[in-house]
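S.K.: Sharing a structure here in structure tokens format.
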Amino acid sequence: MFASIEDLVRSSFDCYLTADRLRLETLLAQDFTFTSPYHDHIDRKTYFERCWPVAGTF
């Protein structure tokens, strides 16, 4: 699907910038986990609850 990990990461970030949740949901694995300075190893459901509401606001 993607030529490299970099392409996947760039595509995922573009989904966040454009608030394209449907596209991002096709890219993330069901067992996806997310870690940032504010979120420590949260699951996919929690990611969409906590992080996604501000998608597209940059």
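Read-outs throughout are calculated quantities, based only on the coordinates presented, and are distinct from any laboratory measurement. Keep in mind it's a predicted model, so treat the numbers as computed, not measured. Here Cβ is always computed from backbone atoms with ideal geometry, including for glycine, and neighbour counts include all displayed protein chains.
S.K.: Which of the residues that make up region 21-58 are among the aromatic types (Phe, Trp, Tyr) and surrounded by fewer than 10 Cβ atoms within 10 Å (Cβ to Cβ)?
M.R.: 38, 58
S.K.: Among what's in region 2-20 and is acidic (Asp, Glu) and within 11 Å of the chain's Cα centre (by Cα), pick the residue that is surrounded by the fewest Cβ atoms within 10 Å (Cβ to Cβ).
M.R.: 14
S.K.: Considering each residue of region 3-27, count those that are touching a Gly at 6+ places or on another chain (Cβ under 9 Å) and outside any loop (DSSP other than H, G, I, E, B), and give that number.
M.R.: The number of residues fulfilling the criteria is 3.
S.K.: Are any of the residues in region 28-50 in contact (Cβ under 8 Å) with a residue 24 or more places away in the chain and in a loop (DSSP other than H, G, I, E, B)?
M.R.: Looking for residues that are in contact (Cβ under 8 Å) with a residue 24 or more places away in the chain and in a loop (DSSP other than H, G, I, E, B), one finds none in region 28-50, hence no.
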